[in-house]
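These notes concern the structure reproduced below.
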Ligand SMILES: *Cc1c(COP(=O)(O)O)cnc(C)c1O
């Protein structure tokens, strides 16, 4: 990739990149423009996006309907504070979200990112119990292989052995992180773990059906429904972190829909604006909400990000939800699921493949201890073949925009299989 623009080399000494060893990290690729599932680089090369910009870009890049809504809002006003002032995009979005969310989730608290949506959920759960005179309920149950964002609260909920947060274990509030029941370790064992601690727990939080950045592990709708029952039984709030799964990714509008459950609190982000601009929301039931009502400020929910409910972002989100109504997104996800099932199946018999799993528009191939260097080499190899894929830890995955064409998806599948076939020696 020759002829880098001058801003890249001039700015790079002042940039700190995410999840990167800055001493050895390859130079990021300068982007000129995007369209559909293609990212065009400064030198004119188009690369096919299999990551949908960290799983957020569900309608393809630069969807004109979202762009139009954002332009109109920009002309009216890009931002006003959300305390004391109201604007149509946020109020319309809250009404729309209440309409499509699992029945009973009626209240929307807006924030800026998935991580803050999780922080808000935690504060909401803890203060909910305090307002009800149960301030001992201030811990959370979370799950092995989980990921809930990079801020303090969310990090404390993640798998303490996970690669992302290891450096901070000595710094974090302690929660109860448990395996999701499966196989030999069943619900009876899980209940046993709850004995003696459940009265200190404010909420149980889970990424429903598909755990994301913690390693892409799946569980069944039955397991999810049973966990929700158990939370209710022990008087904890059940919190669904649908930041990754929400808006069709698993084949239903929300993963909770497939299990037929309504969580007490639900976090949304990533695809909320169709991946166009940062916005997140924490939704709650009236039951959760009512615990904050009184004649005193002491029981009010005291949280309020400066750019809360940014009008540009809310306008983008309303437009994104309109696209879910007007265009056959869930059907597209079902077609992607079938193509991934058929296309990735040959990997099952390849060397060092531990598992191949598909759910909605998520295709995952898990390898046996490839080590980071091998995964980095695969990223480069994907790029040489014209694909933007980001294998990490021990997984290769495809999570495209739902609007990706059949032939584009096939190319991502073919290249992924070529990457999986690249020989390596498993790490000890
Ligand atoms: C990405 C993600 C988050 C964090 O969202 P950010 O917007 O990156 O802060 C939280 N939970 C889940 C399940 C996620 O996938």
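In whole Å, what are the Cα extents of the range 82-182 along the three principal axes, biggest one first?
That gives 44, 33, 32 Å along the principal axes, largest extent first.
Of 313, 32, 98, which is the most mobile in a GNM of the chain whose springs link Cα atoms less than 10 angstrom apart?
Greatest mean-square fluctuation among the candidates belongs to 32.
Taking only Cα atoms and a 10 Å spring cutoff, compute GNM fluctuations for the chain and point out the largest among 325, 337, 366.
325
At a temperature of 25 °C and a viscosity of 0.890 mPa s, determine how fast the range 240-369 diffuses translationally according to Stokes-Einstein, using the Kirkwood radius over alpha-carbon pairs as Rh; express D in µm²/s, rounded to the nearest whole number.
My calculation gives 141 µm²/s for D.
Can you bin the range 371-428 into rounded, prolate or oblate? Criterion: square roots of the alpha carbon gyration tensor eigenvalues sorted a ≥ b ≥ c, rounded for a/c under 1.5, prolate for a/b above b/c, oblate for the rest.
In terms of gyration-tensor shape, prolate.
Find the percent of Cα-Cα distances in the range 1-116 that exceed 24 Å, and round it to a whole number.
Across the range 1-116, Cα pairs with separations above 24 Å total 51 percent.
May I ask you to order 11-23, 126-138, 253-265, 279-291 by the average number of other C-beta atoms within 10 Å around their residues, highest value first?
Ranking, from highest mean packing down: 253-265, 279-291, 126-138, 11-23.
Diagonalise the Cα gyration tensor of the range 107-252 and give the resulting equivalent ellipsoid semi-axes, square root of 5 times each eigenvalue, largest first, whole Å. Numbers along the way, then the final one.
Values: eigenvalues 79, 76, 55 Å².
Here the semi-axes work out to 20, 19, 17 Å.
I'd like the Kirkwood hydrodynamic radius of the range 195-270, using the inverse of the mean 1/r over distinct C-alpha pairs, in Å.
Values: mean 1/r = 0.0796 Å⁻¹.
It is 12.6 Å.
Largest first and in whole Å, what are the equivalent-ellipsoid semi-axes of the range 315-428 based on the Cα gyration tensor, each being the root of 5 times an eigenvalue?
Working: eigenvalues 166, 43, 31 Å².
Sorted largest first and rounded, they come to 29, 15, 12 Å.
Convex hull volume of the Cα atoms in the range 145-220, per residue, in Å³?
102
In the Gaussian network model of the chain, springs joining C-alpha atoms below 10 Å, which of 41, 29, 268 carries the largest mean-square fluctuation?
Residue with maximal mean-square fluctuation among 41, 29, 268: 29.
Would you kindly work out the equivalent ellipsoid of the range 339-393 from its C-alpha gyration tensor and give its semi-axes, the square roots of five times the eigenvalues, largest first in whole Å?
Calculated on Cα positions only, the semi-axes equal 19, 15, 10 Å.
P(r) for the range 280-356, please, calculated from all Cα pair distances in 10 Å bins and given in %.
In whole percents, the pair-distance histogram is 13, 20, 22, 20, 17, 6, 1.
Against the empirical 2.2 N^0.38 Å scaling, what ratio does the C-alpha Rg of the chain come to?
After normalising by residue count via 2.2 N^0.38 Å, the value is 0.99.
Taken together, the values in this text are just the output of simple stated rules run on the coordinates, not laboratory data. All values reported here derive from a predicted model rather than from experimental measurement. Please note: Cβ atoms are built from the backbone with ideal geometry, for glycine as well, and neighbour counts cover all protein chains shown.
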